[in-house]
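Asker: I have a structure here, written as structure tokens, and I will follow up with some questions on it.
Just so you know, all these numbers are worked out from the coordinates, no wet-lab data involved. In this text the structure is predicted, and so the values were computed from the model without any measurement. Counting neighbours? That spans all protein chains shown, and the Cβs are built from the backbone with ideal geometry, glycine included.
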Amino acid sequence: MKNTNIFFYYLLVSALLTAVSISCNDNSSVTSMKLDKDEVILGINGTTTLTANLLPYSASDQMKWSTSNSNVAVVESNDNVVSMPKGIVTAKSVGTAIITVTTINGKHSAQCTITVIDLQPELILVEGGTFTMGCTDGDCNEDSNELPVHQVTLSSYKIAKHTVTQQQWEAVMGNKPSYSKGNDKPVEMVSWNDVQEFIRKLNTLTEKKYRLPTEAEWEYAARGGKLSKGYKYSGSDTINVVAWYTGNTTQPVGTKAPNELGIYDMSGNVFEWCSDLYGDYTANAQTDPQGPPIGTRRIVRGGSYLNYGVYACRVSFRISALPANSGADLGFRLVTPVD
């Protein structure tokens, strides 16, 4: 009788273990699946990790990853954990690809759209020359920080046609900091310190030498360089032609008229960080000035869609901000040396 009881005990334990095993591998317990990202913007050679989350959370299954266009983006699994499998996506060329993850039984799937962009901004050549820097339009008083006017000579350089957009920022940094959302709008809510990290990563990805413009480079380009017609704003004496200077949101870049060099939005839309520390002007002539050697604040230029209005959109207007500060109307554009 005792042996019979032991026999039945082993049968019961075996049955329970089998039931548990079947339950744990029963893919029918999966009710839905979702990726942690619906859309990702990457630069060429950029990567992102996608995570497939199953519902209910206790469910498990094996996954199969695929791409709609392997020329644009490829995906591979990097995780043996079946409850939350991950796929690493690598961008290959400009375009769009759909990354799909599917349960092995084919009953559930989820997708993410990968948009791959060229990280290199369109650049405008600014031929070197000499110009008068500071308040030349008569709209400032004797206490203005735009005085005294002084002669500045600059070497040639290239400057971005547009401010860095939210799409470009996301492709490099992987986040979306801006207050006014829109891929083609200028990125804002980024500090000077944030911008330095962006530039470091961008230069690593592109093997270029992007940087912020100096204050003198910014003003010379805003004035139209050697093609300058002496406008009050960047490209016109009529503010509405060239600038977004009032409203409650930023606008897509390049939707107003450009200046004499073909550069957009140097008046209005968003203020722009420069590389220089803030300091008072002197009357001395300068060549390729880099700003004062010491200070606590960084130069900000160009005016914006809010706060300062028309006056701040003048090409000589200048203010400053702490490098850790950010704002909903503060962005930047890039420059590079001439090849």
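Asker: Along the principal axes of its C-alpha atoms, what lengths does the chain span, in descending order and rounded to whole Å?
Answerer: Principal-axis extents of the chain (Cα, largest first): 111, 37, 35 Å.
Asker: Per-residue ellipticity at 222 nm for the chain, helices alone: DSSP H runs ≥ 4 residues times -39500 (n - 2.57), over residue total, nearest 500 deg cm²/dmol?
Answerer: Details: 5 runs with 59 residues, N = 339.
Taking each H run of at least 4 residues, the total per residue is -5500 deg cm²/dmol.
Asker: I've got another one for you. Once you compute Rg and the Kirkwood Rh from C-alpha atoms, what is the Rg to Rh ratio for the stretch 27-117?
Answerer: On the way: Rg = 12.9 Å, Rh = 13.0 Å.
Rg/Rh: 0.99.
Asker: Please compute the modelled spin-label separation between GLU127 and GLU197, points set 7 Å along Cα→Cβ, answer in nm with one decimal.
Answerer: 4.1
Asker: Label-point separation (nm) for ASP288 and GLU207, each offset 7 Å from Cα along Cα-to-Cβ?
Answerer: Between ASP288 and GLU207, the simple spin-label model gives 2.5 nm.
Asker: Would you work out the relative contact order for the chain, in percent, from Cα pairs under 8 angstrom that are 6 or more residues apart?
Answerer: Numbers: 821 pairs, mean separation 54.5, N = 339.
This gives 16 percent for the chain.
Asker: Kirkwood Rh over Cα pairs of the stretch 265-339 into Stokes-Einstein at 10 °C, 1.306 mPa s: D in µm²/s?
Answerer: Numbers: Rh = 13.4 Å.
Reported coefficient: 119 µm²/s.
Asker: For the chain, with a Gaussian network of springs between Cα atoms less than 10 Å apart, report the residue from ALA321, ALA283, ALA312 with the top mean-square fluctuation.
Answerer: Sorting by GNM fluctuation, first place goes to ALA283.
Asker: Only Lys, Arg, Asp and Glu count, each charged at its Cβ (+1, +1, -1, -1), so figure out the dipole size of the chain about its Cα centre, rounded to 20 debye. Intermediate values should be presented prior to the final figure.
Answerer: Numbers: 28 positive and 33 negative charges, 199 e Å.
In total the dipole reaches around 960 debye.
Asker: What are the semi-axes of the equivalent ellipsoid of the stretch 206-339, taken as the square roots of 5 times the eigenvalues of the Cα gyration tensor, listed largest first and rounded to whole Å? Could the numbers behind the result be given before it?
Answerer: Working: eigenvalues 96, 63, 49 Å².
So the equivalent ellipsoid measures 22, 18, 16 Å along its semi-axes.
Asker: Taking the Cα-to-Cβ direction at ALA324 and at THR51 and moving 7 Å from each Cα, how far apart do the two end points lie in nm?
Answerer: 3.0
Asker: Note down, for the stretch 106-236, the three equivalent ellipsoid semi-axes (square root of 5 times each alpha carbon gyration tensor eigenvalue), biggest first, whole angstrom. Display every interim value, and only then the final one.
Answerer: Details: eigenvalues 277, 56, 37 Å².
Working from the Cα gyration tensor, I get semi-axes of 37, 17, 14 Å.
Asker: Given Cα pairs under 8 Å that are at least 6 residues apart, what percent is the relative contact order of the stretch 27-117?
Answerer: Values: 245 pairs, mean separation 32.6, N = 91.
Reported relative contact order: 36 percent.
Asker: Can you flag which of LYS161/LYS185; LYS92/LYS209; LYS185/LYS256; LYS37/LYS64 are past 20 Å Cα-Cα?
Answerer: On the way: LYS161/LYS185 14 Å; LYS92/LYS209 22 Å; LYS185/LYS256 13 Å; LYS37/LYS64 17 Å.
Beyond 20 Å: LYS92/LYS209.
Asker: Further question: Separation of the stretch 116-166 and the stretch 207-269 by C-alpha centroid, Å?
Answerer: When both Cα centres are located, 8 Å separates them.
Asker: How do SER316, SER180, SER304 rank when sorted from fewest to most other Cβ atoms within 10 Å of their own Cβ? Mind showing how you got there, number by number?
Answerer: Working: SER316 22, SER180 19, SER304 30.
Fewest to most other Cβ atoms nearby, the residues stand as SER180, SER316, SER304.
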